[in-house]
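What follows draws every value from the coordinates through simple rules; no lab data is involved. Bear in mind that the values here come from a model prediction, so they are computed numbers and not experimental data. Note that we place each Cβ from the backbone using ideal geometry, even for glycine, and neighbour counts take in every protein chain shown.
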Amino acid sequence: MFERLIDAREQDLDGEAPADMPALLRYAEGSSAALTWLALESLDGETGRRPAAVEAGRRLGAAWALTGLLRAVPYHASRRQLHLPADLLSRHGVRSEDVLELRRPAGLPAVVREVAVEAASQLRAAREVAKGLPRQLLPALLPGTLAGLYLKRLERAGFDPYAAAVQDAPPGRIWRLTLSNLLGRF
C-alpha cells in the first residue's frame, strides 16, 4: 500500500500532466485511495479488506483526489505542476503553458468540468458500493461529504478553478461532516 502511495507521489516530481483520464485516475487511486484503504483497514482490519470496502475506498479516494486536484489548479500551476489530462487540454484548446503561467484560457472550464464529472461519478459509485458496509467504517469515507460539497461549489462557479467560491473553505463544513456521521452516510 505504501509503495503505491510513493509511486503515485513520484509523479509529482516530474511535473508532467497525466496523458489522459485513466492516467489521472491511476494517480488519484495511488495517492488518495491508498490512504482511504489504510484508514478502512485501521478502523476494522477484517471488514476493511472486504471487496465492497476496498471498492468503496478506491472510488471515494479517486473522487476526493480529483476534487482536490481541481481546487488546487491555481496552487499547482504556481509551482509549475499540472494535473489535468493532456488529451483534455488539447481537445479544448488549452495550452499547458497558459495554465502554468496562471492565465485563464477559455477552454479551461470545459477541461475542469470533464474531470469534475468523473469525480462525481466516482463519488456516486462509492456511495452505492458502501451501502452495505458496517457503520464503523464510515469515518474513512466521510471525505465524500466534502467532495460532494466542493463539486457543487465548482459547478456553481462555472467550473472556474480560480473562483473565490471554489478556493474559499465553505462555512459549516465541520457541521456537514458531523451531520453525515450522525446520519450514517457520506
- line: To the nearest 20 debye, the chain has a Cα-centred charge dipole, built from +1 on Lys and Arg Cβ and -1 on Asp and Glu Cβ, of 820 debye
field: Cut-off 12 Å between beta-carbons: net charge of the residues surrounding Ala119, Lys and Arg +1, Asp and Glu -1
entry: +2
- line: So, with points 7 Å from each Cα along the Cβ direction, the Ala110-Leu38 label distance in nm works out to 3.9 nm
field: Segment Arg135-Ala163, extension gain: residue separation times 0.36 nm, minus the distance between their alpha carbons
entry: 6.5 nm
- prompt: Residue-wise, which Karplus ³J(HN,Hα) couplings in Hz belong to the stretch 22-28, taking 6.51 cos²θ - 1.76 cosθ + 1.60, θ = phi - 60°, and x for glycine or proline?
  reply: x, 5, 5, 5, 4, 4, 4
task: Specify which residue in the list Thr178, Ala157, Ala125 is farthest towards the positive end of the charge dipole of the stretch 89-186, using unit charges on the beta carbon of Lys, Arg (+1) and Asp, Glu (-1), about the Cα centre.
output: Thr178
message: What is the sum of charges, Lys and Arg at +1 and Asp and Glu at -1, for the other residues whose Cβ falls under 14 Å from the Cβ of Leu179?
response: +3
- prompt: In the Gaussian network model of the chain, springs joining C-alpha atoms below 10 Å, which of Ala120, Ala63, Ala169 carries the largest mean-square fluctuation?
  reply: Ala169
Rounded to 10°, Cα long-axis angle of helix 143-156 versus longest principal axis of the chain: 30 degrees
- request: Could you state the angle between the C-alpha long axis of helix 34-43 and the longest principal axis of the C-alpha atoms of the chain, as a value from 0 to 90 degrees rounded to the nearest 10?
  value: 20 degrees
message: I need two numbers for the chain: Rg to one decimal and Dmax as a whole number, Cα atoms only, in Å.
response: 16.4, 49
- prompt: Does anyone have the angle between helix 173-183 and the longest principal axis of the chain? Alpha-carbon axes, 0 to 90°, nearest 10?
  reply: 30 degrees
message: Can you tally the net charge around Glu97? Count Lys and Arg as +1, Asp and Glu as -1, for every other residue whose Cβ sits under 14 Å from the Cβ of Glu97.
response: +1
query: When the label point is put 7 Å from the Cα of Ala19 along its Cα-to-beta-carbon vector, which residues of the stretch 74-101 have a backbone N closer than 19 Å?
result: 82-92, 96
message: Classify the stretch 69-153 from the C-alpha gyration tensor, please: rounded if a/c falls under 1.5, else prolate or oblate depending on whether a/b exceeds b/c.
response: prolate
